[in-house]
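Undergrad: Sharing a structure below in structure tokens format, with a few things to ask.
The values are calculated or read from the model by the stated rules, or taken from the named source; none is laboratory data. What you are looking at is a predicted structure, and each value in this text was computed from that prediction instead of being measured. No Cβ is skipped: glycine too gets one built from the backbone with ideal geometry, and neighbour counts run over all protein chains shown. For the accessible areas, the whole protein counts, side chains as well, though only heavy atoms, and no ligand, DNA or RNA atoms are used. Shrake-Rupley method; radii C 1.70, N 1.55, O 1.52, S 1.80 Å.
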Amino acid sequence: MSTKQNKVQLSTFFLGSRWFAFDVTRVQEIVKPMDLTPVPLAPVHVRGLINLRGQVATAIGLRELFALKDQGVAEAFNMVCRVDGFLMAFQVDQIGDVIEVTMQDYETVPATIPESTRKFLSGVFKMQSQLLSVIDLDKVTEVLNQTGGKAA
């Protein structure tokens, strides 16, 4: 995470009622729901490919990747990140705000978070109303590489 005088900017989003974030410097853009081209025989978390102004991005369903059971929305928003030279569109239920948090509120990932999600997190911020889980894109990439999640 990029720090500036003990503060970090995060781009937040929701999967159901759960609050997550990426380091804002890793997010290239956020786009509305788009048409998907299915990828035959792809893992369940690879939702398909999307065309971003002539560039192909692999759409990854974070709900599926994290094995979250509760029902998602009909059309997901895309948080587009360039990861290891690939465009990845991480599909989320709802876009949140870009917020600035202080590192004094940062903690390691609690053991109460299921392993299916915990393995993708770098840590959490204890906010006034709820826990903000920070996703480590490098950990996500590592798992996607193992499962063949990167298409084109």
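Undergrad: Tell me, in nm to one decimal, what length is gained between L52 and I99 on full extension, where the rule is 0.36 nm per residue of separation less the Cα-Cα distance?
TA: Fully extending the segment from L52 to I99 adds 14.3 nm.
Undergrad: In addition: Can you work out the accessible area per residue across region 72-134, with the rest of the protein chains kept in place, probe 1.4 Å, in square angstrom?
TA: Per residue, region 72-134 has 51 Å² of solvent-accessible surface.
Undergrad: Carbon and sulfur: what percent of region 99-138's accessible surface (1.4 Å probe)?
TA: C and S fraction of accessible area: 48 percent.
Undergrad: OK, next. Determine the dipole magnitude for the chain: charges of +1 sit on the beta-carbon of Lys and Arg, -1 on that of Asp and Glu, nothing else is charged, the reference point is the Cα centre, and the result goes in debye to the nearest 20.
TA: In debye, rounded to 20, the chain gives about 100.
Undergrad: Identify which of the listed values of log10 I(q)/I(0) by the Debye sum over Cα atoms at q = 0.08, 0.10, 0.18 Å⁻¹ was calculated from the structure shown: (i) -0.32, -0.49, -1.23; (ii) -0.21, -0.33, -1.09; (iii) -0.24, -0.37, -1.05.
TA: (ii)
Undergrad: Determine the relative contact order of the chain: mean sequence separation of Cα pairs under 8 Å and six or more apart, normalised by residue count, in whole percent.
TA: Worked out over the chain, it gives 27 percent.
Undergrad: Let me confirm the definition first: pairs of Lys residues in the chain, 8 or more apart or on different chains, C-alpha distance under 18 Å. How many are there?
TA: 4
Undergrad: Specify the angular offset, from 0 to 90 degrees and rounded to the nearest 10, of the alpha carbon long axis of helix 137-147 from the longest principal axis of the alpha carbons in the chain.
TA: Helix 137-147 and the main axis of the chain meet at about 40 degrees.
Undergrad: Run the simple label-point estimate for M127 and F86 please: 7 Å along Cα→C-beta, distance reported in nm.
TA: Going by the 7 Å Cα→Cβ label model, 2.9 nm.
Undergrad: Next question. Order the peptides 99-106, 117-124 from the highest to the lowest mean number of other Cβ atoms within 10 Å of their residues.
TA: 117-124, 99-106
Undergrad: With unit charges on the beta carbons (Lys and Arg positive, Asp and Glu negative) and the dipole taken about the Cα centre of region 1-71, which residue among F20, L62, V31 sits farthest to the positive side?
TA: The one lying farthest along the dipole's positive direction is F20.
Undergrad: Under the classification rounded if a/c is under 1.5, otherwise prolate if a/b is larger than b/c and oblate if not, where does region 62-116 fall, given a ≥ b ≥ c as square roots of the Cα gyration tensor eigenvalues?
TA: Oblate, since a/c reaches 1.5 and b/c is not below a/b.
Undergrad: With each pseudo-label sitting 7 Å past Cα toward Cβ, what's the K32-F14 distance in nm, one decimal?
TA: For K32 paired with F14, the spin-label model returns 2.0 nm.
Undergrad: What is the sum of charges, Lys and Arg at +1 and Asp and Glu at -1, for the other residues whose Cβ falls under 15 Å from the Cβ of F120?
TA: Net charge around F120: 0.
Undergrad: Treating only the Cβ atoms of Lys and Arg (+1) and Asp and Glu (-1) as charged, compute the dipole magnitude of region 25-92 about its Cα centre; round to the nearest 20 debye.
TA: 100
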